[in-house]
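**Q** Before I ask anything, let me first share the structure, which is written out below as structure tokens.
The values are calculated or read from the model by the stated rules, or taken from the named source; none is laboratory data. Just so it is clear, the structure is predicted and the values come from calculations on it, not from any experiment. Cβ sites come from the backbone with ideal geometry, for glycine too, and all protein chains shown count toward neighbours. These accessible areas exclude ligands, DNA and RNA; they are computed on the full protein's heavy atoms, side chains included. Shrake-Rupley method; radii C 1.70, N 1.55, O 1.52, S 1.80 Å.
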Amino acid sequence: MRLAIVAVSSYEENGQVNPIPNAEIDVQLFSERLAEADAGFTVHVFPAQRGLAEGIEELIAGLEERPQALLVYFWGYALLSEERGATLLLDGPKLSSFTLARLRRQLAELADVALVILDTTLAEGSFGEPIDAVRAIGGALSSGDSNVSSLVAARLPGSSVAQGPPPFTGLLQMILDAQTGNANDLTPEMLFRAMQSEEVMFADIPAAGCFLAKRDFVLVSGVAPPSVAPPAPNVARRHYEDTDETTAPRAEPSVLPPPPPPPLARPPIRSAIVSVVDIDIDIDIELISEPASSKPVPSEPASSKPASSAAQYCRHLLGEFERARDRDGAYRAAVCLEVLGEADINESLLAAAHRPEGLQAVRSALSYSDWYERLSAGCDEPKTTAVLRALGPALARVGFQHAHRLRREQTLPEEARQDPEKSTATLAKALHWTARLLSVPAAELYVLSEVPGSVAFAPGAERPLLTCARSLGSGFSLPELVCLWARELSFARQEQTALCYFPDASELSLLLLAACAVSGTANLHSIGSDAKRIASGLKREVRGTSLEALRAAAQALPVQAIEAHADAFIRSAELVAGRVALVACGDLELTLALDRRFPRAGLTTAQERHADLLRFTLSSELGQIRSTLGVSLA
């Protein structure tokens, strides 16, 4: 028999130490992991309160057989005394001690081999540094002929800990999740070395140590990946007066969360133009690779030069717009002909007469329907979008852990921070105007000496942080700044923030695969170690209605085609960003010029982005957006 004792308390019954809020909830996933088939522990959760030792003895006395392996996990307070050594502190109206000598003696009597995992905060008045406490605790439990191995972590009192389990327990759980399906046994030494190999995350732990007994303790047995899902965890929550084991498998949700709000009704289409999804024309990138004004003047009249197929199509639509008396559609078709270098004198005059000077006089902001129905028409990836939306705030927190592990997080100086709403700088004022137009939050901006691409998002713990190069503050007109801000802010929407933390199709596929594993549509045993690390974070963050929403969304995402869906999502995000930039500045030629000058690295090519912008300019979707914003000529 393999038995695990998990002891944790919130320490809210006394005022001697700072409480540990939600400790009992945060340790639940760790308990469930120990109860999975490859670990094979029967888990009993005790409050870390006075009477813990007696409760353990009473539990084991009632068992039919002596445990072959006994694991004890404790998350709470410890005290290192110069005279009496180290002891654990138990919760209650008054703190009580549980000496390590007693714990070691108890484990020797109750089991053949044991492992103690202690994640401790040192109480006020402790002697020495955290590493001194780690050595004292490990020596007391595992020295000499002890049958107890120990993994110990300690931190100073008052150390700030983010929501959820402390770094040691979080990393421990991540390694355990990554072990799922591994063919090799996981011992305490192998576990600790694996934790150390995660250098960035291990650096967040002030002091930790591994102390080995004479006999190896197998924490997780090596098994071949199972072909069926593992059984429900066997976790029992006990109080000292309760000796009967009760097992409560995780309940499946019976009610799915409500779908996202429906899009607003489309306004009636008054023009003769088809939707962007129906526009299929070949656009030669050489025709729009340079601004029309920089091209040599042809030696023969434009009317005698053979027109390209794109120009013929644009001119055909111009005629249709004029017959439908759609002035805005005719203007947009003339703009496309001007950009292609194929406009005649009348078409050039039409394009020039209505080209915006300065900021557009918009009368409203983009709506849900504009974003999810019109701007993404013909290039959306709804299945991936639904999964990422279901992750909610967990997306940024888990993404930041991923970026931190890969050492991609940035330290942004506070003196570089600006508030766009309060700043008087043109750069910040343009950002504030653009954010209001797009209905996208932009609460802060960091102006740095250098930024790749001049504008970029940096991984933040709760949300991506917007950065820009100082050079952007001079030499740019307001429409140019708005165009650049709009393109970048398109990636600030909830689903698109994933690309700040998982920037390419390979990394985004890991996130989607991890989400499917957490939802149950993919087998956690069959995914790779990198995806398991991400899944470990998602399991801690996605719960309740968010987990129900994730399960519903993941049902529609085919696991075998995840990389293709990730690729399609990134391509969609890049094309939509260009369309948003065009909507914000209202100038197709300017949008194309800035895309050439400040290309945003990704999967789409310049030719694809420019062709898409021409198609979108001719579409009824852009016409509807311009009408909603109040900038349409109609």
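**Q** Return the residues of the range 62-97 that are more than 20 Å from Phe168 (Cβ to Cβ) and assigned to a strand (DSSP E or B); say none if nothing qualifies.
**A** Ala69, Leu70, Ser81, Gly85, Ser96, Ser97
**Q** Would you confirm, using the coordinates I've provided, whether Ala311 is without any contact (Cβ under 8 Å) to a residue 24 or more places away in the chain and either surrounded by 16 or more Cβ atoms within 10 Å (Cβ to Cβ) or in a helix (DSSP H, G or I) (or both)?
**A** No: the conditions fail for Ala311.
**Q** How many of the residues making up the range 499-514 are among the aliphatic types (A, V, I, L, M) and touching a Ser or Thr at 6+ places or on another chain (Cβ under 9 Å)?
**A** 3
**Q** Conditions: (1) over 31 Å from the mean Cα position of the chain (by Cα); (2) at pLDDT 95 or above; (3) not basic (Lys, Arg). Pro130 meets all but one. Number of the miss?
**A** Against the list (1) over 31 Å from the mean Cα position of the chain (by Cα); (2) at pLDDT 95 or above; (3) not basic (Lys, Arg), Pro130 comes up short only on (2).
**Q** Only residues in the range 357-369 that are within 14 Å of Leu582 (Cα to Cα) count as the first member; pair them with residues that are at pLDDT 90 or above and of a type in the set (S, T, N, Q), Cβ under 7 angstrom, at least 6 apart or cross-chain, and list the lot.
**A** Leu366/Ser439
**Q** Moving on to the next point. Please specify each residue of the range 465-491 satisfying the condition of being open to solvent by 20 Å² or more (accessible area, probe 1.4 Å) and not aromatic (Phe, Trp, Tyr).
**A** Once the filter is applied, which keeps residues that are open to solvent by 20 Å² or more (accessible area, probe 1.4 Å) and not aromatic (Phe, Trp, Tyr), the range 465-491 yields Leu465, Arg470, Ser471, Gly473, Ser474, Gly475, Ser477, Leu478, Pro479, Glu480, Arg487.
**Q** Then there is this: Say whether the condition of being open to solvent by 30 Å² or more (accessible area, probe 1.4 Å), within 24 Å of Ser376 (Cα to Cα) and of a type in the set (A, V, I, L, M, F, W, C) is met by at least one residue in the range 445-459.
**A** yes
**Q** Might you let me know whether the range 555-569 holds any residue that is under 30 Å from Leu472 (Cβ atoms) and open to solvent by 30 Å² or more (accessible area, probe 1.4 Å)?
**A** No.
**Q** Using the structure shown, decide if Leu412 is at pLDDT 95 or above, open to solvent by less than 60 Å² (accessible area, probe 1.4 Å) and in contact with a strand residue (DSSP E or B) (Cβ under 6 Å, 6 or more places away or on another chain).
**A** In short, no.
**Q** May I pose another question? The conditions are (1) buried (at least 23 other Cβ atoms within 10 Å of the Cβ); (2) at positive phi, and Ser619 fails exactly one of them. Which is it?
**A** Condition (2) is where Ser619 drops out.
**Q** Is there a residue being buried (at least 17 other Cβ atoms within 10 Å of the Cβ), of a type in the set (S, T, N, Q) and either under 22 Å from Tyr11 (Cα atoms) or out of contact with any Leu (no Cβ under 8 Å at 6 or more places or on another chain) (or both) anywhere in the range 56-75?
**A** Among the residues of the range 56-75, not one is buried (at least 17 other Cβ atoms within 10 Å of the Cβ), of a type in the set (S, T, N, Q) and either under 22 Å from Tyr11 (Cα atoms) or out of contact with any Leu (no Cβ under 8 Å at 6 or more places or on another chain) (or both), which makes the answer no.
**Q** May I pose another question? Which of the residues that make up the range 1-37 are outside any strand (DSSP E or B), among the charged types (D, E, K, R) and open to solvent by 10 Å² or more (accessible area, probe 1.4 Å)?
**A** Once the filter is applied, which keeps residues that are outside any strand (DSSP E or B), among the charged types (D, E, K, R) and open to solvent by 10 Å² or more (accessible area, probe 1.4 Å), the range 1-37 yields Glu12, Glu13, Glu24, Asp26, Glu32, Glu36.
**Q** Being farther than 22 Å from Gly139 by Cα, in a helix (DSSP H, G or I), touching a residue at least 12 places away in the same chain (Cβ under 8 Å) and not small (Gly, Ala, Ser): is that true of Glu58 here?
**A** The answer is yes for Glu58.
**Q** Then there's this: Quick one: which residue in Gly520, Gly586 is open to solvent by less than 30 Å² (accessible area, probe 1.4 Å) and on the phi > 0 side of the Ramachandran plot?
**A** Numbers: Gly520 fails: open to solvent by less than 30 Å² (accessible area, probe 1.4 Å).
After ruling out the rest, the residue left standing is Gly586.
**Q** Of everything in the range 105-164, what is outside any strand (DSSP E or B) and of a type in the set (Ser, Thr, Tyr)? Give them in sequence order.
**A** Ser126, Ser142, Ser143, Ser146, Ser159, Ser160, listed by residue number.
**Q** Conditions first: (1) at pLDDT 95 or above; (2) over 30 Å from Ala458 (Cβ atoms); (3) within 33 Å of the chain's Cα centre (by Cα). Val387 passes all but one, so which condition is the exception?
**A** Status for Val387: all satisfied but (2).
**Q** If Val542 passes every condition in (1) in contact (Cβ under 8 Å) with a residue 60 or more places away in the chain; (2) open to solvent by 10 Å² or more (accessible area, probe 1.4 Å) but one, which one does it miss?
**A** With respect to (1) in contact (Cβ under 8 Å) with a residue 60 or more places away in the chain; (2) open to solvent by 10 Å² or more (accessible area, probe 1.4 Å), Val542 is out only on (2).
**Q** What are the pairs, 6+ residues apart or on separate chains, where a residue within the range 431-455 that is without any contact (Cβ under 8 Å) to a residue 24 or more places away in the chain and within 29 Å of Tyr368 (Cα to Cα) has its Cβ under 6 Å from a residue that is open to solvent by 30 Å² or more (accessible area, probe 1.4 Å) and assigned to a loop (DSSP other than H, G, I, E, B)?
**A** Close Cβ pairs (under 6 Å, with a partner that is open to solvent by 30 Å² or more (accessible area, probe 1.4 Å) and assigned to a loop (DSSP other than H, G, I, E, B)) amount to His432/Glu421.
**Q** I need a count of the residues in the range 595-610 that are part of a helix (DSSP H, G or I), open to solvent by 10 Å² or more (accessible area, probe 1.4 Å) and touching a helix residue (DSSP H, G or I) at 6+ places or on another chain (Cβ under 9 Å).
**A** Result for the range 595-610: 6.
**Q** Among (1) closer than 24 Å to Ala178 by Cβ; (2) open to solvent by 70 Å² or more (accessible area, probe 1.4 Å), where does Phe41 come up short?
**A** (2)
**Q** Here's a follow-up. Taking the range 340-349 as the region of interest, how many residues are crowded, with 24+ Cβ neighbours inside 10 Å and either assigned to a helix (DSSP H, G or I) or touching a Cys at 6+ places or on another chain (Cβ under 7 Å) (or both)?
**A** Looking only at that region, the number is 0.
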